[in-house]
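Below is one structure, written out as structure tokens, with a few remarks after it.
The values are calculated or read from the model by the stated rules, or taken from the named source; none is laboratory data. Small disclaimer: the values here were computed from a predicted structure and weren't measured. In this analysis, Cβ positions are derived from the backbone assuming ideal geometry, glycine residues included, and neighbour counts consider all displayed protein chains. Heavy atoms of the whole protein, side chains included, go into the accessibility calculation; ligands, DNA and RNA do not. Shrake-Rupley method; radii C 1.70, N 1.55, O 1.52, S 1.80 Å.
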Amino acid sequence: MNPPRQPGPGHSQPGQLARVLSPAQLAAADALSSYYEKGGNPPTDAFSALGFEDGLAIQCEMQRRAVAVGTVQAGWKVGLTSDRARAAAGIDDRPFGHVNRVLSSPADIPSAEINKVTVEPEMFFVIGKRIAGHGVDPASVPERISAVCAGYEINEARVAVEGNLAMLVADNLTNWAIVRGSGADAPPAAELDRCVVTVLCDGEERFSCTAADEVDNPYLSIARLAATLHRHGLALEPGQCVITGAYARFRAEAGQHWITDYSGIGAVEALVA
């Protein structure tokens, strides 16, 4: 396998704060950088004594280094947006991931360049007004959203984390890119919960669900994301995009054509090359 790559450039420019890392966090960031560049064995030992907040701090450092060499951030992802995922992780929190690549639907996905590529249907939000702080009321979020769209997250297995939450978080929660489909104005929270998500692959239905059956309400997730970002001196800025949790996950293969419809919102397509 070729050495993993850090996520590539995006399309809008956020602020990035330089923060002081502990020696253990810095050593882990250096080890992860070396792994990205050279491959070899994943830096499991460097992360063995680290936890969730360490992983977030290291992810911010990895992003700072990427920005320093030209990466431009486009937005965020929020993780652990279902009771099932939080129970598996053993924490009640919402990690962030930096999004550095946004593709327009229909998107071409170069599967030969992405290790074990997966496609995940997720709602895609565009921030219209700044959302910041640890006490954001979810009811205030819709008025700060300029659009909600059908979306995909494209993920890459860069590091075999083997249950190490700190390394999973530091590795940007496996994000490679997100895809923006068609959309609409931000609806009330209840409408998002009633949205039916239907996934087709090569014309065959592979999955369908009502949104609330699989993930938290996205406005709640965005409010919780703002709280996590606040702990690290960050916020959701106008023009940034956010994805709010996967309804399903599919291993993608070359030649596949994925289409997902979000009732009342829009549709998104991805062609896997």
Lys and Arg at +1, Asp and Glu at -1: add these up for the other residues within a Cβ distance under 10 Å of PHE250 and post the number. +1
Rank ALA87, ALA226, ALA189 by mean-square fluctuation in a GNM of the chain with C-alpha springs under 10 angstrom and give only the top-ranked residue. ALA87
Between segment 116-190 and segment 216-262, the alpha-carbon center distance in angstrom: 1 Å
Whole number please: convex hull volume per residue of the Cα set in the chain, in Å³? 113 Å³
Simple spin-label model, 7 Å along Cα-to-Cβ: GLU162 to GLU113 in nm? 3.1 nm
Under the 7 Å Cα-to-Cβ spin-label approximation, ARG86 and ALA132 lie apart by a distance in nanometres of 2.6 nm
Restricting to the chain, compute how many DSSP beta bridges are antiparallel as a %, nearest 5. 85 percent
With the Cα gyration tensor of segment 161-237 giving a ≥ b ≥ c as the square roots of its eigenvalues, does the rule (a/c under 1.5 for rounded; else a/b larger than b/c for prolate; else oblate) give rounded, prolate or oblate? oblate
Cross-link candidates for LYS38: which aspartates and glutamates have Cα within less than 18 Å, leaving aside residues fewer than 8 places away along the same chain? ASP30, GLU113, GLU156, ASP171
Set of lysines with alpha-carbon distance to LYS129 below 20 Å, sequence-local pairs under 8 removed: LYS77
Positive-pole candidate from HIS230, THR81, VAL119, dipole of the chain, charges at beta carbon: HIS230
How much length, in nm to one decimal, is gained on full extension between ALA248 and ASP30, taken as 0.36 nm per residue of separation minus their Cα-Cα distance? 75.2 nm
Under 15 Å from the Cβ of VAL161, count the other residues' Cβ atoms, weight Lys and Arg +1, Asp and Glu -1, and hand me the total. -3
Through the Karplus equation 6.51 cos²θ - 1.76 cosθ + 1.60, θ set to phi - 60°, convert the phi angles of segment 217-223 into ³J(HN,Hα) values in whole Hz; use x for Gly and Pro. 4, x, 5, 5, 5, 5, 5
Scan around ARG206 for amide H atoms under 5 Å from its own, H built in the peptide plane at 1.01 Å from N, and keep only partners 5 or more places away or cross-chain. VAL199, LEU200, CYS201
How would you classify segment 77-189 from its alpha-carbon gyration tensor, with a ≥ b ≥ c the square roots of the eigenvalues: rounded for a/c under 1.5, else prolate if a/b is greater than b/c, otherwise oblate? oblate
Can you give the charge dipole size of the chain about its Cα centre, rounded to the nearest 20 debye, using +1 on the beta carbon of Lys and Arg and -1 on the beta carbon of Asp and Glu? 740 debye
Loop-resident GluC sites (Glu not before Pro) in segment 213-273 with no more than 16 other Cβ atoms inside 10 Å, DSSP not H/G/I/E/B, are GLU253
How would you order 107-117, 28-38 from highest to lowest mean count of nearby Cβ atoms within 10 Å? 28-38, 107-117
Given an 8 Å cut-off on Cα distances and at least 6 residues of separation, report the relative contact order of segment 65-219 as a percent. 23 percent
For segment 39-186, what is the charge dipole size about the Cα centre, in debye to the nearest 20, if Lys and Arg each add +1 at the Cβ and Asp and Glu each add -1 at the Cβ? 380 debye
Relative contact order, percent, of segment 128-273 when contacts are C-alpha pairs under 8 Å separated by at least 6 residues? 34 percent
Positive end of the dipole of segment 156-230, charges at C-beta (+1 Lys, Arg; -1 Asp, Glu), about the Cα centre: which of THR198, TYR219, SER182 has its Cα farthest in that direction? TYR219
For segment 42-157, what is the relative contact order in percent, using Cα pairs closer than 8 Å and at least 6 residues apart in sequence? 22 percent
Under the helix-only model (-39500 (n - 2.57) for each DSSP H run of 4 or more, divided by the residues of the chain), the mean residue ellipticity at 222 nm, to 500 deg cm²/dmol, is -7500 deg cm²/dmol
Quick one: length gained pulling ASP213 to ASP193 fully straight, 0.36 nm per residue minus the C-alpha distance? 6.4 nm
Quick check on segment 73-132: take the gyration tensor over C-alpha atoms, sort the square-rooted eigenvalues as a ≥ b ≥ c, and tell me if it's rounded (a/c under 1.5), prolate or oblate. oblate
Size of the dipole of segment 120-273 about the Cα centre, Lys and Arg at +1 and Asp and Glu at -1 on the beta carbon, nothing else charged, in debye to 20? 580 debye
Per residue, how many Å² of accessible area does the chain show with a 1.4 Å probe? 41 Å²
When the Karplus curve 6.51 cos²θ - 1.76 cosθ + 1.60 is applied with θ = phi - 60°, which whole-Hz ³J(HN,Hα) does each residue of segment 44-59 get, with x for Gly and Pro? 4, 4, 5, 9, 4, 9, 9, x, 4, 5, 4, x, 5, 4, 5, 4
